[in-house]
Amino acid sequence: MRTFRLAAAIGLFLALIPAAASAQRSVPSCYAAAHVQAAPPPPARAVFLFVDQTTALDLNLAATVRQNMARLLRPGTSFTVASFADFAPGHYARILATGTIEQTVPPGLRASVATNALRRLDACLGRQAAFAARLAQSAFAEAMAGDVASFSQSEVMASLRHLSSRVAGARVRDRIVILASDMLEHSSAADFYRNRAMRRIDPGAELARARRQHLVANFGGARIFVVGAGVLPPQPGGNGRTIPALDALEAFWSGWFRASNARLAAFGRPDLAMPVQ
């Protein structure tokens, strides 16, 4: 009967994912549900997906995000999905989903746990992994659902500064951030546009400006993977992007992340050349 209640509880969580679209959702603990007294092993890796709602990702770029998240969400991994745009009501940075995909009891401790509890735990962990994957994908879809044309500002640096505290606070050895964004700041702090196209910025001058305005962050040594850099709406006579402008954009963000205790591991222009590892 207890096994049936456990399966029913996990099934209920799965069923409620689409209905809970407006609130932060999390993954329930299988250790608590299976009444296992041992503490779950702590996660070794934390994966963060931050979605810029002012960026229109096409189907291929969205698929890149989904595929990399699916590959990274493995036992022993915590995850967070968040969205950001500007600081208008409803558009500020917010956490959409969080959770940890737990690992089973380590071999050396399994003898100290009741056999029935271990059986319930292992059965639950399989369902938990599937639930976490669906939860992350649902949160990503929610973040992508807005009308990009409705945004007049893009507060990238300030939003990332705010979200970085969650990254730095993760008690793990490995922190990975997938950043789905065009990386084009358009705010009172800086403007990377000119006539609806990318402006060729001066990376050093823009980084100095960001420092003066206290717009650097702390990512706790995370690796950053950008998907969608320089994405723009269709432009008359071209796409509004030039190689020199993209080079300058990457140089700025490489310096900004370095100043923010992080490493820019890949800068998709707009797609990633290699999977996130």
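The values are calculated or read from the model by the stated rules, or taken from the named source; none is laboratory data. Just so you know, these numbers come straight off a predicted model, no measurement behind them. No Cβ is skipped: glycine too gets one built from the backbone with ideal geometry, and neighbour counts run over all protein chains shown.
So here's what we get for this one:
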item: Filter pass, ALA265 being modelled with pLDDT of 95 or more, crowded, with 23+ Cβ neighbours inside 10 Å and within 21 Å of the chain's Cα centre (by Cα); result: no
item: Condition check for THR100: within 13 Å of the chain's Cα centre (by Cα) and either not small (Gly, Ala, Ser) or not in a helix (DSSP H, G or I) (or both); result: no
item: Qualifying residue in the range 84-97 (condition: farther than 22 Å from LEU61 by Cα, hydroxyl-bearing (Ser, Thr, Tyr) and touching a residue at least 40 places away in the same chain (Cβ under 8 Å)); result: yes
item: Verdict on ALA189 being crowded, with 22+ Cβ neighbours inside 10 Å and in contact with a Leu (Cβ under 7 Å, 6 or more places away or on another chain); result: no
item: Evaluation of PRO275 against (1) in a loop (DSSP other than H, G, I, E, B); (2) closer than 13 Å to MET183 by Cα (one fails), failing number; result: (2)
item: Cβ pairs under 9 Å, 6+ apart, first in the range 67-82 and farther than 21 Å from ASP52 by Cβ, second among the charged types (D, E, K, R) and modelled with pLDDT of 95 or more; result: ARG74/ARG45; PRO75/GLU102; GLY76/ARG45; GLY76/GLU102; THR77/ARG45; SER78/ARG45
item: Positions within the range 139-169 being surrounded by fewer than 18 Cβ atoms within 10 Å (Cβ to Cβ) and among the hydroxyl-bearing types (Ser, Thr, Tyr), in sequence order; result: SER150, SER152, SER165
item: Subset of the range 175-206 that is among the hydroxyl-bearing types (Ser, Thr, Tyr) and outside any strand (DSSP E or B) - its residue that is nearest to the chain's Cα centre (by Cα); result: SER181
item: Lone unmet requirement of (1) under 17 Å from VAL177 (Cα atoms); (2) in contact (Cβ under 8 Å) with a residue 24 or more places away in the chain for ALA63; result: (2)
item: Residue in the range 125-147 that is touching a residue at least 12 places away in the same chain (Cβ under 8 Å), part of a loop (DSSP other than H, G, I, E, B) and over 16 Å from the mean Cα position of the chain (by Cα) present; result: yes
item: Condition met for LEU232 (within 21 Å of ALA62 (Cβ to Cβ) and in contact (Cβ under 8 Å) with a residue 60 or more places away in the chain); result: no
item: Selected residue [within 17 Å of ALA190 (Cα to Cα), part of a loop (DSSP other than H, G, I, E, B) and under 21 Å from the mean Cα position of the chain (by Cα)] from GLY220, GLY230; result: GLY230
item: Of residues in the range 23-60 being touching a residue at least 12 places away in the same chain (Cβ under 8 Å) and assigned to a helix (DSSP H, G or I), the one farthest from the chain's Cα centre (by Cα); result: ALA33
item: Per-region count, the range 106-122, residues farther than 13 Å from TYR31 by Cβ, among the hydrophobic types (A, V, I, L, M, F, W, C) and part of a helix (DSSP H, G or I); result: 0
item: Members of the range 191-221 found to be modelled with pLDDT under 95 and among the small types (Gly, Ala, Ser), listed by number; result: ALA197
item: The range 114-138: number of residues that are buried (at least 17 other Cβ atoms within 10 Å of the Cβ) and farther than 25 Å from GLN67 by Cα; result: 4
item: Scope the range 150-175; condition in contact (Cβ under 8 Å) with a residue 24 or more places away in the chain and small (Gly, Ala, Ser); matching residues; result: SER152, SER154, ALA158, SER159, SER164, SER165, ALA168, GLY169, ALA170
